[in-house]
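Just so you know, all these numbers are worked out from the coordinates, no wet-lab data involved. Not measured: the values here are computed from a predicted model. Positions of Cβ are generated from backbone atoms using ideal geometry, with glycine treated the same way; all protein chains shown enter the neighbour counts.
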Amino acid sequence: MKRNFPIDIEFRILDQEKIEKIHRASLRILEEVGIKVTGERMRGALAEHGAVMEAGDIVKIPSALVEKALATVPEVIRLYNRDGEQVGELGPERNIYFGSIAEQLEYLDYKTNTARRFTRDEMKIMCTLQDYLPNIAFTTSVGILGGVPAQLAGQIGFIEVVRNFTKNIHVVTSDVEALKDIVKIAADLAGGPEALAEKPLFVYYAEPIPPLLHPYESNERIAVCAEHGIPFTYMPYSMMGGTGPITQAGILAQNNAEVLAGLVMSQVIRQGAPYIYGSMPTVFDMKTTIGSYGAPEFHLNIAAAAEMAEFYGIPFYGSAAISDAKTIDPQSAAELEMTLFSAMLSKAGLVHDVGLLDHCRNISPMAIYLANEIIEQLKYYVRGVDVSDETLLLDVIGEVGPGGHYLEHVSTLKNFKKYWYPKVFERNMVNPEKSDLLEKGVEAIDTILATHVPAPLAPEKEAILARHEAELLSRVF
């Protein structure tokens, strides 16, 4: 499978020596400090495979167990949609796919640029918009969905996404039981547990609790996904000086240890279970006490972590098109561009959080719409410069000669469309007195929502969803 778009730029943060130092430091953390693991199933599986159990639920993981897990984890993960069609591939080809993750409390209205509680109606808007936008490859079921019973928000969110989205689906739930419900729904849609394991129609996302805490709710999700062949991202979100060491090297080593611990847990449940490396090591802003989503150090750390994932031969789950700003404004625009640029240059395969603002409090359809344009723009940067006898055009330069021009030359006519022409941004000869970008964006999103209808679900699959939704709601009504 060819790369979904070409990148021909050398970009590296960690050299081999730095990577190996972080790797060795992480192994020392796992062997000498250990991690805290609760939940008898996972503790039993780790002990059976040679992990050392100590007082206070501390588990120390030998380096040999890490190496064994690295030898069995798949290098390639294929991505499928609700119909079992392959829509992507993670692995050595270094494809990169962007998507949102929508378990936010608030929805930023694209018409008023103000936030309100996220509900089921907004989920349909999000799905329709992202289903249309060509540079958005996945979206997520909602774990914090207003208007439905809290204990069913993840399950109902998944059903809503399946109904309204034809690309790859990612899932976040607030608890293990919701994940188990979604696995049952997905298995019925796929044609049974074996069919789901062969072509998993969703990717799951969960987190440990830094520093070095892997409670039952976290590690049991690893177990459920490993058992059913569901690709799983384990993403420690830590803050330098808060839940992680104050130095970038230290937090990269700690997060890497967390990820390797999750990897081991997945492989002791089932060898060959698909696993995705995730890492979000940001700064703890001492002025505001937030974990910043727009900090340059955050995105430098993410790109460095992606190089650790490449070292291990594991796909990486990054973050971009995010901002600490509350609304669409100059700050959010700058941070959307900066974070996407970093992700495009990095070794990430999946890039989530597209459209998250207010340090992960709200989700913005307008930010997603603008991110789609920025991704298209950056494709033309990261493809690099092709230097060959054909592209140097020495014969053309000779034909035009001093004082001539290339406007009517056949080489120009053949090649000018290879460069980027914006669809959202403007290059007017005379610009209007004030920007109309947001007004144009509102009009474009209105048009998309009014005219784009995601391909309907097959009637038999709609019946499966309706049956599961009725059963879920019967638990509380």
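Below is a table of values for the structure above.
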read-out	value
Proxy reagent accessibility, fewest Cβ within 10 Å first, across ASP175, ASP353	ASP175, ASP353
Cα→Cβ-extended label distance, 7 Å offset, between ALA64 and THR114, nm	6.5
Among ILE322, VAL203, ALA450 - extreme Cα towards positive end, dipole of the chain, charges at beta-carbon	VAL203
Euclidean distance between Cα centres, region 1-43 to region 73-128, Å	25
Label zone at THR391 (point 7 Å along Cα-to-Cβ), backbone N below 20 Å, region 7-44	7-12
Whole-angstrom gap from region 307-360 to region 402-477, using each part's C-alpha centre	20
Virtual spin-label span in nm between HIS452 and ARG475, 7 Å along Cα→Cβ	3.2
Unsatisfied cross-links (Cα-Cα over 18 Å) in the set LYS326/LYS440; LYS199/LYS461; LYS124/LYS167; LYS167/LYS461; LYS124/LYS326	LYS326/LYS440; LYS124/LYS326
Per-pair calculated FRET efficiency, R0 = 60 Å: ILE209 and ASN428 via Cβ, rounded to 0.05	0.75
Order by protection proxy (mean Cβ within 10 Å, highest first), peptides 146-157, 39-50	146-157, 39-50
Set LYS379/LYS423; LYS379/LYS417; LYS287/LYS347 screened for pairs whose C-alpha atoms are more than 20 Å apart	LYS287/LYS347
Among VAL430, ASN256, HIS405 - extreme Cα towards positive end, dipole of the chain, charges at beta-carbon	ASN256
Simple Cβ-charge dipole of region 12-112, Lys/Arg +1 and Asp/Glu -1, about Cα centre, in debye nearest 20	200
Lysines with Cα under 23 Å of LYS60, excluding same-chain neighbours fewer than 8 positions away	LYS21, LYS36, LYS68
Listed residue (ASN168, GLY191, LEU370) projecting farthest to the positive dipole end of region 70-382, Cβ model	GLY191
